[in-house]
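To start, the structure itself, in structure tokens.
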Amino acid sequence: THPALIRYIIDRGIDETIAKKYCKEVRYLSNGREYFSVGFENDQGGFELRNSIYKNCSSPKCPTRIKNGSEALIILEGFIDFLSLLTGSDESRQGYDFLILNSASFAKSVDLKTLQSYDDIFLFLDNDEAGRKASDIFLSSDLKVTDCSLLYEDYNDINDWLVNRHS
């Protein structure tokens, strides 16, 4: 609810209502000083933390699964991309299941057997070396995976596309 955090979300092109649905305002102490950030909780209770001057996380760090009972799964690298996808898409995407890696490096630790129940898996990973390596892990599996990064191929990630689409 802090105006600076709302401004940060809006500056990133993200719909404020969507951000409020999935994020929390997190206040914390570091070296005796109080800070606040947009927080996105992972499956083990840690948070990805973002504000206009700070990008960090709290322990433990791991992916976030959002289950909506869908037969389709969307895999994204970070929560800003997740919020950007929901902002830039029609409402039908909100009913998909989501796996937000919270770091491309977590792609190698995903148990691919747990994804076999999905009829379709859509990758919205970054267009950089780490994103391509993560994509290769899923694309080389026997799962039905579609790489959607071509939709924003001229941009580093979905948020970059979203911000520049409105410029």
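The values are calculated or read from the model by the stated rules, or taken from the named source; none is laboratory data. These figures come from a predicted structure and were not determined experimentally. Here the Cβ is made from the backbone with ideal geometry for all residues, glycine too, and neighbour counts use every protein chain on show. For the accessible areas, the whole protein counts, side chains as well, though only heavy atoms, and no ligand, DNA or RNA atoms are used. Shrake-Rupley method; radii C 1.70, N 1.55, O 1.52, S 1.80 Å.
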_Contact list please: Cβ distance under 7 Å, first residue in segment 110-138 and under 14 Å from ILE100 (Cβ atoms), second residue assigned to a helix (DSSP H, G or I) and among the acidic types (Asp, Glu), pairs at least six apart or on different chains._
PHE124/ASP81
*Residues PHE138, PHE79, PHE124: which one is open to solvent by less than 20 Å² (accessible area, probe 1.4 Å), of a type in the set (Phe, Trp, Tyr) and under 21 Å from LYS24 (Cα atoms)?*
PHE79
*What is the residue count in segment 83-119 for residues that are in a loop (DSSP other than H, G, I, E, B) and of a type in the set (S, T, N, Q)?*
5
*LEU29: farther than 25 Å from SER135 by Cβ, at pLDDT below 95 and hydrophobic (A, V, I, L, M, F, W, C), yes or no?*
yes
*Qualifying position, being touching a residue at least 60 places away in the same chain (Cβ under 8 Å) and out of contact with any Leu (no Cβ under 6 Å at 6 or more places or on another chain), among ARG27, ARG12, ARG7, ARG33*: ARG12
*Select, from ALA72, ALA19, the only residue that is open to solvent by less than 70 Å² (accessible area, probe 1.4 Å), more than 12 Å from the chain's Cα centre (by Cα) and hydrophobic (A, V, I, L, M, F, W, C).*
ALA72
*Given the conditions (1) touching a helix residue (DSSP H, G or I) at 6+ places or on another chain (Cβ under 7 Å); (2) more than 23 Å from VAL163 (Cβ to Cβ); (3) open to solvent by 60 Å² or more (accessible area, probe 1.4 Å), and given that SER52 satisfies all but one, which numbered condition is not satisfied?*
(2)
*In segment 82-110, which residue that is under 15 Å from LYS67 (Cβ atoms) and at pLDDT below 95 is most open to solvent (accessible area, probe 1.4 Å)?*
ARG93
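Restricting attention to segment 149-161, which residues are within 18 Å of the chain's Cα centre (by Cα) and either surrounded by fewer than 17 Cβ atoms within 10 Å (Cβ to Cβ) or outside any loop (DSSP other than H, G, I, E, B) (or both)?
Those that are within 18 Å of the chain's Cα centre (by Cα) and either surrounded by fewer than 17 Cβ atoms within 10 Å (Cβ to Cβ) or outside any loop (DSSP other than H, G, I, E, B) (or both): SER149, LEU150, LEU151, TYR152, GLU153, ASN156, ILE158, ASN159, ASP160, TRP161.
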